[in-house]
Amino acid sequence: MRPPKLEPIGLDVSRTGRLLHRAFDAELVAVGGSLPVWLVVTALKRSPGRPQRDLAAAVGIDDATLTHHLRRMEFEGLVERQRDPDDRRTQRVTLTPAGDALFASLVATVLAFDKRLRHGFSEPEVATLRGLLERLRANIAVE
């Protein structure tokens, strides 16, 4: 007797997530960025001069990983890190003019990618999809 055909939704979501991640990152790399760079510059545009520790939390990565990305971004002239004069243990991160310019080109790429993803979907369908994805995230959230 054959086992029942299993088609777990998690597999579909995982495959789709990997495909979207790769495609999105490839688009960002084509204009001189990457997904981590996009996350950092976006967080810094929302809150300039943010402490490095807060930036790590906003981006959703640990401090060591963020430090790796910031070193590379600093070397490329995209960000500057300066010690907080009130707390020398804290480093504040800001975008440079080159970082601002990269943000502008990344925004255009992100918007074009989003338009491509939305092709064939109505706004109510996009809203439904967002709601369904939120429910999936809630279903696996650590309590």
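The values are calculated or read from the model by the stated rules, or taken from the named source; none is laboratory data. None of the values given here were measured: they were computed from a predicted structure. For neighbour counting, all protein chains shown are included, and Cβ atoms are generated from backbone atoms with ideal geometry for every residue, glycine included.
Data table
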{"read-out": "Those residues of the range 47-61 which are in contact (Cβ under 8 Å) with a residue 12 or more places away in the chain and part of a loop (DSSP other than H, G, I, E, B), in sequence order", "value": "PRO48, GLY49, GLY60, ILE61"}
{"read-out": "Residue in the range 87-100 that is modelled with pLDDT of 95 or more, aliphatic (A, V, I, L, M) and in a loop (DSSP other than H, G, I, E, B) present", "value": "no"}
{"read-out": "Residues that are without any contact (Cβ under 8 Å) to a residue 60 or more places away in the chain and either exposed (fewer than 10 other Cβ atoms within 10 Å of the Cβ) or within 16 Å of the chain's Cα centre (by Cα) (or both), drawn from the range 109-129", "value": "LEU111, ASP114, LYS115, HIS119, GLY120, SER122, GLU123, PRO124"}
{"read-out": "Residue match in the range 65-87 (condition: in contact (Cβ under 8 Å) with a residue 60 or more places away in the chain, touching a Gly at 6+ places or on another chain (Cβ under 7 Å) and either on the phi > 0 side of the Ramachandran plot or not charged (D, E, K, R) (or both))", "value": "no"}
{"read-out": "Filter result for the condition that a residue is among the aliphatic types (A, V, I, L, M), in contact with a helix residue (DSSP H, G or I) (Cβ under 6 Å, 6 or more places away or on another chain) and under 20 Å from LEU28 (Cα atoms), over VAL59, VAL110, VAL93", "value": "VAL59"}
{"read-out": "Of all residues in the range 26-56 being among the small types (Gly, Ala, Ser) and either within 12 Å of the chain's Cα centre (by Cα) or crowded, with 17+ Cβ neighbours inside 10 Å (or both), the one that is nearest to GLN91 (Cα to Cα)", "value": "ALA56"}
{"read-out": "Count of residues meeting criterion [free of Cβ contacts under 8 Å to residues at least 24 places away in the same chain and among the hydrophobic types (A, V, I, L, M, F, W, C)] in the range 88-107", "value": "4"}
{"read-out": "Selection count where residues are within 20 Å of ALA101 (Cβ to Cβ) and in contact with a helix residue (DSSP H, G or I) (Cβ under 6 Å, 6 or more places away or on another chain), scope the range 62-90", "value": "4"}
{"read-out": "Residue within the range 78-85 that is in contact with a Pro (Cβ under 9 Å, 6 or more places away or on another chain) and in a strand (DSSP E or B) present", "value": "yes"}
{"read-out": "Close pairs (8 angstrom Cβ cut-off, 6 or more residues apart or separate chains): in contact (Cβ under 8 Å) with a residue 24 or more places away in the chain and among the hydroxyl-bearing types (Ser, Thr, Tyr) in the range 20-46, assigned to a helix (DSSP H, G or I) and surrounded by 14 or more Cβ atoms within 10 Å (Cβ to Cβ) anywhere", "value": "THR42/PHE103"}
{"read-out": "Matching option when the condition is more than 28 Å from ALA108 (Cβ to Cβ), not in a strand (DSSP E or B) and not hydroxyl-bearing (Ser, Thr, Tyr), among ALA64, ALA43", "value": "ALA64"}
